[in-house]
Amino acid sequence: MAEYYDPQTYPKRWNFLEPGTIIDQYKIEQELAHGGFSSVYLAMHISTQERVAIKEYLPRKLAHRTWGDVIIPNSEKTKSLYLKGRARFFKEARVLSKLKHPNIVDVINFFHANGTVYMVMTYNPGITLDKAIKNKKTKITEKQLINVFELLLTGIRKMHGKNVLHLDIKPGNILIRAHDNPLLLDFGAIQKYTSSPKKYRSAVITHGFSPIEQYSKYSQLGPWTDIYSVGASMYFCLSGERPIRASKREANEMLIPAVKAFKRKYPPYLLQAIDWAMQVNPEKRPQSITEFQRALS
């Protein structure tokens, strides 16, 4: 008989792996970050002593950790959702392990253990773009913005070349390393697409950064979908605030265009490119990363 529980009474310390825990060939050192669906740990390969980051699939509304660190669903009701999410997580790891680019998180191993899935990534110290902007006392410069997003766009172009969409690009998923070198993280919403895109349902929506087509039950997604999210992330860098969500903009446009909001602080070409990327209508945006890069150069 399965062991189920009440999440309200479960020990909070069991939410995370304890330092010193051995998983496969790795020893956990400390927790780095956690969200609603997963936790990320700093770990060390036992044989090579190489430091890595390990991402553990654990959606806390669907499952919990038991004695021996085994993950099981909270109830029969959550079991199917947990298993579907676990399969999606494994798919994400498999895709990323083949997608090698210096500005895309590098997955070097993935495996099943403890009733869940673990993704092993190269460890990259840094700070996410949202925190970097919030912590910054001075405004980001034109040069910094272009440097970060030009590098990021080369990674996204490589990804699109493999017919993969990210679908959750936002400042919180962009890690800024030394010398303003960005790294795109968290591919949990990835989907394949073709040159004749079918209609998909997006698994993830982040208000302010997701375009209007991700709000529809079925909609045509493509490179233009990620381009909106890039433009919204750039707008965030200039304003320091999350842009108005696309669903509100469609009903009543309330977002002040970048060319108007920041006209005395940044050059027209840059602001025009951001506004182009953030068009509510997908057909009015750049249709490829190459097209958007030209606007930024």
I need the semi-axes of the equivalent ellipsoid of the range 7-122: take the C-alpha gyration tensor, multiply each eigenvalue by 5, square-root it, list largest first in whole angstrom.
24, 18, 11
Dipole moment magnitude, nearest 20 debye, the chain about Cα centre, only Lys, Arg, Asp, Glu C-beta charged
700
Taking +1 at the Cβ of each Lys and Arg and -1 at the Cβ of each Asp and Glu, which of 46, 183, 274 sits farthest along the dipole of the chain towards its positive end, judged by Cα position relative to the Cα centre?
274
If you place +1 on the Cβ of every Lys and Arg, -1 on the Cβ of every Asp and Glu, and leave all else neutral, what size is the dipole of the range 127-296 about its Cα centre, to the nearest 20 Debye?
220
Could you order peptides 67-73, 261-267, 147-153 by the average number of other Cβ atoms within 10 Å of their residues, highest first?
147-153, 67-73, 261-267
Order of 166-172, 58-64 by packing, highest average Cβ count within 10 Å first?
166-172, 58-64
Given the rule -39500 (n - 2.57) for each run of at least 4 DSSP H residues, summed and divided by the residues of the chain, what is its mean residue ellipticity at 222 nm, to the nearest 500 deg cm²/dmol?
-10000 deg cm²/dmol
Of 277, 189, 113, the one that fluctuates the most in a GNM where the chain has Cα springs shorter than 10 Å:
113
Calculated FRET efficiency for the pair residue 241/residue 84, C-beta based, R₀ 30 Å, to 0.05:
0.30
Per-residue counts of other Cβ atoms within 10 Å, averaged by peptide: what ranking do you get for 284-297, 234-247, highest first?
234-247, 284-297
Could you sort out which of 27/79; 61/248; 98/158; 143/265; 100/134 sit more than 19 Å apart by Cα distance in this structure?
27/79; 61/248; 100/134
Which shape class, rounded, prolate or oblate, goes with the range 242-297 when its Cα gyration tensor gives a ≥ b ≥ c as root eigenvalues, a/c under 1.5 marks rounded, and past that a/b bigger than b/c marks prolate?
oblate
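Read the figures in this text as sums done on the coordinates, not as results from a lab. A quick note: this is a predicted structure, and the numbers were derived from the prediction, not measured. Reconstructed Cβ throughout: ideal geometry from the backbone, glycine too, with neighbour counts over all protein chains shown.
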